[in-house]
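Enquirer: Here's a structure for you.
The values are calculated or read from the model by the stated rules, or taken from the named source; none is laboratory data. Quick caveat: nothing in here was measured; it's all calculated off a predicted structure. For neighbour counting, all protein chains shown are included, and Cβ atoms are generated from backbone atoms with ideal geometry for every residue, glycine included. The accessibility values were calculated without ligands, DNA or RNA, using every heavy atom of the protein model including side chains. Shrake-Rupley method; radii C 1.70, N 1.55, O 1.52, S 1.80 Å.
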Amino acid sequence: MNVLVVGGAGYIGSHCVRQLTAAGHQPVVLDNLVFGHRAAVDDEVPFYPANLGNEKEVGKILRKEKIDLVMHFAAYAYVGESVTDPLKYYFNNVASTLHLLRCMLGSGVKKFVFSSTCATYGEPEKMPLVETMPQAPINPYGQTKLDVENALKAFARAYGLSFAAFRYFNAAGAAEDGSIGEHHDPETHLIPLAIDAAQGLRPPLQVFGTDYPTPDGTCLRDYVHVDDLSRAHIAVFDKLAEPGTGLFYNLGTGTPTSVLEVIRAVEEVTSKPVPHTLAPRRAGDPPALYADATKAQTELGWQVKFPDIKSIVATAWEWHRTHPTGFAK
Ligand code: UDP
């Protein structure tokens, strides 16, 4: 299939582009490079440095590249910033996505794979999370993703759009050959910060909160390898043949891992101590978030290749060790 990967130069998008090629599909990347990195996309892959909300430009690309399906990864994803500058998040994550969808529907492209998030569940009462549990986001970031999920449901009914929305847990790790990986600016994620702290490239890691109602007092998260995420996006293609199909899947390993366990995994993998300090809780962090991914496993045959934190961190380490400044020269 010819697949337009919107945000294909970003962290998850660029890994998905590689997986698409490996699976025999033809990826085409659209990315405005606000957060994406040109070097994350191989030169052989057609690349368009455009905005996803530019309907004229996107329409031309859809026709020229004979696109069959669009994957959409391009979103702002800083939870704290979404609280202080929600307009930015509604414009990019909702309004621009609506432009993209209108353009697709106008061009007859009716298959869509959307990056959603476990942040749409808010602060759930029960764990692990199943797809049918109530969604009540506690920040504008999660709300914008839920707004798009709801728009997609209506578009499936009204216009025959077929879509899959994947609710990611904590995307982590890097390509197994260490050639591409995670590079955010600013970086706020635990694993890259812990690795950089171990390498002495950043100040000691702050452990946000040690008094949570969890076994070691730090937050539990479900870290899932970025290539495992990517493979689910491709495994769903066959399910989108029927017009009007709407699918939602959690993507996580189902294993809760604490902040201190991540630190230990980084120390074991790198053979370096992770300098860290114990700090107060970060606003808006729920104590525990982990997935029941049975639906993706049974319906898509999705099996993770990286089931444990150490194997995930090992791939991240290979990337950071060989690219201490990420994609920056
Ligand atoms: N975390 C931390 N120190 C940091 C960054 C993150 O203790 O410098 C914790 C954070 O509180 C959360 C977990 O690590 O419990 C994962 O955070 P991250 O930002 O990587 O992902 P999130 O779960 O917020 O999407």
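Enquirer: Pull up all non-local amide H partners of Gly246: gap of 5 or more, or a different chain, and H-to-H distance under 5 Å with H placed in the peptide plane.
Expert: Result for Gly246 returns Phe163.
Enquirer: Ranked from highest to lowest mean number of other Cβ atoms within 10 Å per residue, what is the order of the peptides 272-284, 88-100?
Expert: Ranked from most to least packed, the peptides come out as 88-100, 272-284.
Enquirer: For region 73-80, in order, what is each residue's ³J(HN,Hα) by Karplus, 6.51 cos²θ - 1.76 cosθ + 1.60 with θ = phi - 60°, in whole Hz (x at glycine and Pro)?
Expert: Result, rounded to whole Hz: 10, 7, 9, 7, 9, 8, 4, x.
Enquirer: Let me check I've understood the local charge: for Leu152, count other residues with C-beta under 12 angstrom from its C-beta, Lys and Arg +1, Asp and Glu -1. What total comes out?
Expert: +3
Enquirer: Looking at region 172-329, what % of its DSSP beta bridges pair antiparallel, to the nearest 5?
Expert: So the antiparallel bridges in region 172-329 amount to around 25 percent.
Enquirer: Taking the DSSP beta bridges in the chain as the whole, what percent of them are antiparallel, to the nearest 5?
Expert: Expressed as a percentage, antiparallel bridges in the chain total about 5.
Enquirer: Taking only protein heavy atoms into account and a 1.4 Å probe, give the accessible area per residue of the chain in Å².
Expert: Roughly 42 Å² per residue, with all protein chains present.
Enquirer: Quick check: with the 1.4 Å probe, what order do Asp285, Asp227 take by accessible area, largest first?
Expert: Output order, biggest surface exposure first: Asp285, Asp227.
Enquirer: Which cross-chain or sequence-distant (5 or more) residues have an amide H under 5 Å from the amide H of Tyr48, H modelled 1.01 Å from N in plane?
Expert: Val29, Leu30, Asp31
Enquirer: Say a site is exposed when it is one of the GluC sites (Glu not before Pro), sits in a DSSP loop, and has at most 11 other Cβ atoms within 10 Å; what is then the longest site-free stretch of the chain?
Expert: Of all site-free stretches, the longest is 126-329.
Enquirer: How large is the Kirkwood hydrodynamic radius of the chain, counting all unique pairs of alpha carbons, in Å?
Expert: 20.0 Å
Enquirer: Let me ask something additional. So what are the ³J(HN,Hα) numbers for region 214-224, from phi and the Karplus equation (6.51, -1.76, 1.60; θ = phi - 60°), rounded to whole Hz, Gly and Pro as x?
Expert: Residue by residue, region 214-224 yields 10, x, 10, x, 9, 5, 9, 9, 10, 8, 10 Hz.
Enquirer: Ignoring ligands, DNA and RNA, what percent of the accessible area of the chain is carbon or sulfur (1.4 Å)?
Expert: C and S fraction of accessible area: 53 percent.
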